[in-house]
Amino acid sequence: QFDLEPILAAAELLADAKVDAIIWSGTAAGWRGFATDEALCRRITERTGIPAGTSVLALNEIFAATGVRRFGLVTPYLDEIQAPIIENYRAAGFDCVAERHLLDRGNFSFALYSEALIASLIREVAAAKPDAITVFCTNFRGTALAEALEQEIGIPIYDTVATAVWKGLRLTGVDPARIAGWGRLFREVR
C-alpha cells in the first residue's frame, strides 16, 4: 500500500501537467513516522523537480506556527493505528489530551460516516480544551465542519484534507485566504 514506486510514478504523470506543487494527501506518516513523508517529498522533488508536501507535514507545520502543544485527535482508525499517531506526536512535543476513533479497519468506509457523527466526536474532544483539534484522515468528512464548529467551540480545527490544500496553496504562492468556509486555518495561518 505504501510502496514509493507507484506514488513516484504518479508524481511523474502529474509533472507532465506542469503543476507548481505536488501534495500527498494521506495520513500514514502519522503512524509510520514523519520521516516517511519527509523522504516521500524529497523523492518526489528529486524525480520531478517540483516542490512537494503532505497532509501530515503540513499539519505539523501548522501546529508549530500556531503554538499548538495540546491537541485533540479524531479519526476512524483502529487502536493499532491511533496509538502510534499519539506516540509520534508525543515524541515530537505535542500532547494528545483527548481522542476519539471509530475502530474501522476499512478505507473507503471512512468516507461513509456522517458529518453529524464526526461533529459529535469533535465536540467530545473539545471538552478537554485542547489548543487545536485535528480530524486526521483524508477520507473522513471533517473539512466542511470546521467553520461552524470552530465558531461553536472556539477551538481551531485542522482537518488533514484542508492541511493538504493549505500546503499546496502555500507552495504555489497563492494566499490560502482565498478559500472560504473551511475554517480559521485559511484566514489565520500564513
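Details
- What region 21-172 shows is 41 Å² of accessible area per residue, with the surface traced by a 1.4 Å probe over protein heavy atoms.
- Counting only protein chain heavy atoms and rolling a 1.4 Å probe, the accessible areas of R90, R105 rank, largest first, as R105, R90.
- Here the chain is treated with +1 on each Lys and Arg Cβ and -1 on each Asp and Glu Cβ, and its dipole about the Cα centre works out to around 340 debye.
- Of the solvent-accessible surface of region 56-100, computed with a 1.4 Å probe and all protein chains present, 52% belongs to carbon and sulfur.
- Only helices enter this figure: runs of n ≥ 4 DSSP H residues, each worth -39500 (n - 2.57), summed and divided by the residues of the chain, yield -14500 deg cm²/dmol at 222 nm to the nearest 500.
- Lys/Arg +1, Asp/Glu -1 at C-beta; the chain dipole; positive extreme among A35, S109, A164: A164
- Mean-position separation - Cα centroids, region 100-125 and region 43-95, in angstrom: 19 Å
- For region 12-68, applying the loop criterion from DSSP together with a ceiling of 14 other beta carbons within 10 Å to the trypsin sites (Lys or Arg not before Pro) yields K18.
- Mean Cα-pair separation over length for region 1-139, i.e. relative contact order, pairs under 8 Å, 6 or more apart, %: 25 percent
The values are calculated or read from the model by the stated rules, or taken from the named source; none is laboratory data. Being a predicted model, the structure only gives us computed values, none of them experimental. Cβ coordinates were reconstructed from backbone atoms using ideal geometry, including for glycine residues, and neighbour counts include every protein chain displayed. To get the accessible areas, we keep the full protein, side chains included, count just its heavy atoms, and leave off ligands, DNA and RNA. Shrake-Rupley method; radii C 1.70, N 1.55, O 1.52, S 1.80 Å.
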